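The values are calculated or read from the model by the stated rules, or taken from the named source; none is laboratory data. Remember, it's a predicted structure, so these values are computed and weren't measured experimentally. So basically every Cβ, Gly included, is an ideal-geometry build from the backbone, and we count neighbours across all protein chains shown.
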């Protein structure tokens, strides 16, 4: 109910903007703080589309993609050798999103041709790391690992356009979500053609004491290492002092 009221207020406030664009979106929050008690966070993306008088009766579809920062990723293949599973080789995959979530009104190939999906990089199969020649098995293995960790989520046919105008999609960031800048993109298709797009940025980062430690480790690793050694020595000394047997008189 609270989200419905929030969505209604959003549409009333942005009605002029909605008339000037094909699609308008907003997020329930733009910053997610990673604290020691962080166990995951839900995020709501919602919005509205404009339908012109000449567009009545035409099919509209929406695809929403949230993508984390892209980095190289080493993937190693395990094989059974003399009864043991060992790493026998590795390949470096380029352009791997740290996080990838997708929601759409229909299966992707029912929304747009594969060529258009590839141009827009919509779908896991269209990501750079999944299209490296000869590395398809490594990419498929990485996708399975990421899905198992909750970092890759794809839900086609999980979204509806209500009253031919309103839409919403819920996403979840698990406890192991990496810090960084994320992009939430909403694509509006009509009869297989892209006619509108809206992009929002999400910031996910450490907060409080965790942020200070993380910043120190990233920007001043030598000082961070020295502090870690000092803290370990103090902790060892304190533990020894507490557990040291007390001497008795007489």
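Confirm whether residue 171 is farther than 12 Å from residue 64 by Cα, in contact with a strand residue (DSSP E or B) (Cβ under 8 Å, 6 or more places away or on another chain) and surrounded by 21 or more Cβ atoms within 10 Å (Cβ to Cβ). When the stated conditions are applied, residue 171 does not pass them. Among the numbered conditions (1) surrounded by fewer than 19 Cβ atoms within 10 Å (Cβ to Cβ); (2) in contact with a helix residue (DSSP H, G or I) (Cβ under 9 Å, 6 or more places away or on another chain), tell me where residue 116 comes up short. If we test residue 116 against (1) surrounded by fewer than 19 Cβ atoms within 10 Å (Cβ to Cβ); (2) in contact with a helix residue (DSSP H, G or I) (Cβ under 9 Å, 6 or more places away or on another chain), just (2) comes out false.
Being surrounded by 18 or more Cβ atoms within 10 Å (Cβ to Cβ) and within 18 Å of residue 61 (Cβ to Cβ) holds for only one residue in 195, 111, and it is 111.
Looking at residue 163, is it touching a helix residue (DSSP H, G or I) at 6+ places or on another chain (Cβ under 9 Å) and either closer than 29 Å to residue 60 by Cβ or buried (at least 17 other Cβ atoms within 10 Å of the Cβ) (or both)? When the stated conditions are applied, residue 163 does not pass them. When the residues of the stretch 174-192 are filtered to those that are over 19 Å from the mean Cα position of the chain (by Cα) and surrounded by 18 or more Cβ atoms within 10 Å (Cβ to Cβ), the one that is farthest from residue 37 (Cα to Cα) is 189. On the given criteria, is residue 99 more than 19 Å from residue 177 (Cβ to Cβ), crowded, with 18+ Cβ neighbours inside 10 Å and touching a residue at least 60 places away in the same chain (Cβ under 8 Å)? Considered against the rule, which asks whether it is more than 19 Å from residue 177 (Cβ to Cβ), crowded, with 18+ Cβ neighbours inside 10 Å and touching a residue at least 60 places away in the same chain (Cβ under 8 Å), residue 99 comes out as no.
Hey, can you tell me all the residues within the stretch 149-174 that are free of Cβ contacts under 8 Å to residues at least 40 places away in the same chain and in a strand (DSSP E or B)? Lay out the reasoning, then the answer.
Let us first name the residues in the stretch 149-174 that are free of Cβ contacts under 8 Å to residues at least 40 places away in the same chain, namely 149-150, 162-163.
Scanning the stretch 149-174 gives a single hit, 162.
Across the stretch 124-148, the qualifying residues are those that are in contact with a strand residue (DSSP E or B) (Cβ under 7 Å, 6 or more places away or on another chain) and not in a helix (DSSP H, G or I), and the one among them that is surrounded by the fewest Cβ atoms within 10 Å (Cβ to Cβ) is 132. Close Cβ contacts (under 6 Å, 6 or more residues apart or on different chains) running from residues in the stretch 66-88 that are within 30 Å of residue 30 (Cβ to Cβ) to residues that are at pLDDT 90 or above and in a loop (DSSP other than H, G, I, E, B) comprise 68/98; 68/99; 69/98.
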